[in-house]
1. When residues of region A:22-48 are filtered for being within 8 Å of another protein chain (Cβ to nearest Cβ), modelled with pLDDT of 55 or more and part of a loop (DSSP other than H, G, I, E, B), how many remain?
2. Among the residues of region A:140-154, is any among the hydroxyl-bearing types (Ser, Thr, Tyr) and more than 8 Å from chain B (Cβ to nearest Cβ)?
3. Could you check A:VAL86 against (1) of a type in the set (A, V, I, L, M); (2) surrounded by fewer than 18 Cβ atoms within 10 Å (Cβ to Cβ); (3) in a helix (DSSP H, G or I) and say which number it fails?
4. For region B:102-125, which residues satisfy the criterion of being surrounded by fewer than 20 Cβ atoms within 10 Å (Cβ to Cβ), more than 8 Å from every other protein chain (Cβ to nearest Cβ) and assigned to a helix (DSSP H, G or I)?
5. Of all residues in region A:94-152, which are of a type in the set (S, T, N, Q) and under 22 Å from B:ASP38 (Cβ atoms)?
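The values are calculated or read from the model by the stated rules, or taken from the named source; none is laboratory data. It should be emphasised that the depicted structure is a prediction, and the values quoted were computed from it without experimental measurement. Note that each Cβ is placed from the backbone with ideal geometry, even for glycine, and that neighbours are counted across all protein chains shown.
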2 protein chains.
Amino acid sequence: MESCQPHHHHDAEVEAIPDGALRFECMCSAGGSLQAVDEVRWMESHPDLIFPAVPFPSKHVFAATGTDALRGLVRRHHDRLKATVVGALFPDDPRMFAMAVEKAADFVVEACGGPELFTPVHGPMRMRIRHFPVSIDEHAREVWLRELLASFDDVGFPEPVREEYWNWMEPFSIRMITRRTTREQPRRHPYAGAAASLAQATTAVGDA
Amino acid sequence: MESCQPHHHHDAEVEAIPDGALRFECMCSAGGSLQAVDEVRWMESHPDLIFPAVPFPSKHVFAATGTDALRGLVRRHHDRLKATVVGALFPDDPRMFAMAVEKAADFVVEACGGPELFTPVHGPMRMRIRHFPVSIDEHAREVWLRELLASFDDVGFPEPVREEYWNWMEPFSIRMITRRTTREQPRRHPYAGAAASLAQATTAVGDA
């Protein structure tokens, strides 16, 4: 399939440090000194960003909402984003912006159990690959999530499926991060308490 | 220490997918379909970028080179970078550019076993954190490496320690990547064959 490439993530391998080699302790350790010694010192391998598991929605989400409610949520969400730092990541041209929003809505409708509006037109999901042209950092993700949560109320999104929808988008959005600005893993925002944790997270950086 | 923070990479944990849960197969699998089914489907966790182990140089590198040869290498390398896409990542102002180069040279001298020029002035290494303000993608890393390799010849860097120096910088440079543009792990460029593999890698993207 189109999305299956050589050196795909399944192939990720970590090289071994030779037996008996000196270790260059992480700078967290008191032993870490930059200055070289007699032997080569090995700094250990570790992953940077770890994508958490993502629970994709059941078709009960579509059953409880329908095409219009899902499209309305996506449109309201993007209207809100325009007033934030995330808005600058979208096309300036209003028609191009609208096309991006409708494409996102097509994706959401299909992923929630509605008509197949996305795949027949755009091909396999490949959501991370689709976001590579855009520089999306950890803060942009949290602003995006904050505005999604507020949009639930704005459009009166059905209460019984808000949490299932959130549990999908909250970890899935981590896979759209293309620009790292911190060593920490992205903060998690469970549905219970998300409004407060996102307000705190996004205010700390000074975004309006 | 200053570099040790909450949610540091040591704390990275991967959540478990519930027992018996449906799996949302990777799109590589023939089973992957975006459209929702009766149950929630879990897409598996995986790391994005994996930092390989890094062999920091022994003090034999300084013994074979000395302060002037190491500083000369770093200066020549950065002169070369100015003519590439990587040059745009540095300050425009010539004095600011020169300060960045001399700081890098201080780091290299100390890390190779020379005088402690870096740590007493700038504090712990924290090289990834220092690069967070700059958007450095996989291609920029390969251009950086290509110009380093060419600089060995330009300055007549002592042959016996070229490979040890390269074996340090080649994996270490992966930790400076802050902007991801591909799902694949960054390409590795072992010293033997690096000139050819880097020429091929950087030409493919069309960088002069």
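1. Looking only at that region, the number is 14.
2. To start, the set of residues in region A:140-154 that are among the hydroxyl-bearing types (Ser, Thr, Tyr) comprises A:151.
Next, only the ones that are more than 8 Å from chain B (Cβ to nearest Cβ) stay: A:151.
Yes; the residues of region A:140-154 include at least one that is among the hydroxyl-bearing types (Ser, Thr, Tyr) and more than 8 Å from chain B (Cβ to nearest Cβ).
3. (2)
4. If the condition is that a residue be surrounded by fewer than 20 Cβ atoms within 10 Å (Cβ to Cβ), more than 8 Å from every other protein chain (Cβ to nearest Cβ) and assigned to a helix (DSSP H, G or I), then B:GLU102, B:LYS103, B:ALA104, B:PRO120, B:VAL121, B:HIS122 are the ones that fit.
5. Pass one, region A:94-152, residues of a type in the set (S, T, N, Q): A:119, A:135, A:151.
Residue satisfying the conditions is A:THR119 alone.
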